[in-house]
Amino acid sequence: MSQLLGLILTLQVPFARRSKTCSEIFDIFDTLLLLSMGRCVFLGPKNEAKKFFESTGNPCRENYNPADHYIWETSVLEGKEELSRNKILKIWDSFNASDWKKEVAAGLVESIKSDPMVTDVVDEAKANKANWFVSFYMLLWRALISQYRDKSTAGMKFGQNIGTAIIVGLVYLRIPWNANENPYDKTDVFNINGAIFSAVCSFSFAYLFLVVFSFPRMKVVLRREYYDGLYPLFIAFLTESAAGLPFLFAMPFLFLGIQYCMIGLFPSWSAFWAMYLTCIMIALSATGYGYMISALAPTIEAANAIAPPLMVPLLLFGGFFLQSDSVPPWFIWLKYISWFYYGAENLYVAQWREGGYCMEISNPIQGFLQKFARNGSATCPDGPTSFDDCCGIENSVFVDGSVVLEGFSYKV
C-alpha cells in the first residue's frame, strides 16, 4: 500500500465529529487528500502536510496525532461555525496559492497521460469514432423517432395551429373573402393588419415554446455524448432542426391557407407564396431563439420564466405597436435583430404591394385631394368604374396600398 494515492477525510455532517484515527493506519499512507466544505484544502505528500499547516498558522502540537489535528482544523465546530468556516476558507486560499498544488496537478496530469488504461480507452474511442455522415444519419433517425413517435403529441401540435388559425379567422372573417368581389375599406385595412401581426406573434410564440419545453431535457444527453467525443455539437443541432422540417413546412401552409380564405388576404398566388416563405422564416427564427434561451437556462422552469421578458422587447419593435422610424436611437439595435420587424414588414408588403382599399369621401373635391395628395387612384385596379362608384362603393376613392405601408414606415 506504499503507492496508495491518498487518504480522504471528508466531512458529511455540518458539525465535526471527532474520530479515533489510529496512528498506525495513518502512517501507512504516503499521500494525503483533505476535503472540507466541498473544497480541496490539501493534496500532496503526507510529510508535507505538517509544513503546510504550519505555514497557514495552524501547526500540529508535539506528541499529537496528525490525523486528528487535520480533521480538527478542517472541521466546522459546533458553536464556532462562522470562525471555523473563515479558517477553512483561509486554508483553502493558501493551498490554491501554494507550490504543492501546482506540482501535484502537474504530476496527476502526467500520470493520467501515461496510464495504459487511460491511453487504451482514448485510442479505442478515436478508432471507433463515427464520421460526420454516419453521425448525422444516426442522430437524425433518433430525432425523428423522438419527435414523431408520440402520435398524440404530434396531433396536439397540428390541432393547436389549426385551431388557432380557425379562431383568428372567425374573429376577422370577411364574406365574401375575395377582395376583387368585396373590396377592402378602412375597417378591413385595420382588421387585416391586426390579423397579420397576430400571425407573426402566433408563429413566434408557438415555435419558441415548442423548443423551450423540449430542449432542456435533451441537454443532459447531448452534453454527455458530446464530451464522450461521439459527435460534433453542430451535427446534433442540424439533425434536430432537420427532423422538425416536415412540421415546419406543413403547419405554415395549413395555417396560412385557412386564414387566407377566412380573412380575405390579397387574392394573388405571388402574395400567398411570399407570405408562406415569410412564415417559415419566422418559425425558424423563433426556433433558434428558443434554442438560445434553453441553452442559457439550467432548467425548463427557468427557461419558461425568462422567455417572455426576452421576447417582449423584440415584439415591441415589430412595427405594429411602434412605427419603425420612431424607434429611440439607443434601442435601434433591438429593431434590427427582431424577426418581428422583418416578418411583419414582409407580410404587410406582400398584402398591400399590389392592392389597396376604397376610402369613402364626402364630396368630389375631397376625392381629388385624396387622389393627388395620398397617391389615390380614380379607379380600382381590376375593373372599370367611375369616380363616383369606385369598387362598387358610392362616393369612394381607391387608395393605393403604398399609403398603408407608409403608415408603418415601410417602403415597397
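The values are calculated or read from the model by the stated rules, or taken from the named source; none is laboratory data. What you see is a predicted model; the values in this text were computed from it and never measured. Note: ideal-geometry Cβ built from the backbone for every residue, glycine included; neighbour counts use all protein chains shown. To get the accessible areas, we keep the full protein, side chains included, count just its heavy atoms, and leave off ligands, DNA and RNA. Shrake-Rupley method; radii C 1.70, N 1.55, O 1.52, S 1.80 Å.
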Projected label distance in nm at Trp72 and Trp141, using a 7 Å step from Cα toward the beta-carbon: 6.5 nm
Burial-style ranking of 254-263, 192-201, average other-beta-carbon count within 10 Å with highest first, yields 192-201, 254-263
Among 315-322, 157-164, how do they line up by average Cβ neighbours within 10 Å per residue, starting with the highest? 315-322, 157-164
Hey, could you pull the Cα Rg and Dmax for the stretch 132-345, both in Å? 19.2, 64
Taking Lys and Arg as +1 and Asp and Glu as -1, residues besides Ala195 with C-beta under 11 Å from its C-beta add up to 0
Give me the three principal axis extents of the stretch 22-97 from the C-alpha atoms, as integers in angstrom, largest value leading. 33, 27, 21
Could you give the accessible area per residue of the stretch 165-303, probe 1.4 Å, as a whole number in Å²? 46 Å²
Test of understanding: what is the full-extension gain from Glu181 to Leu254, defined as 0.36 nm times their sequence separation minus their Cα-Cα distance? 23.9 nm
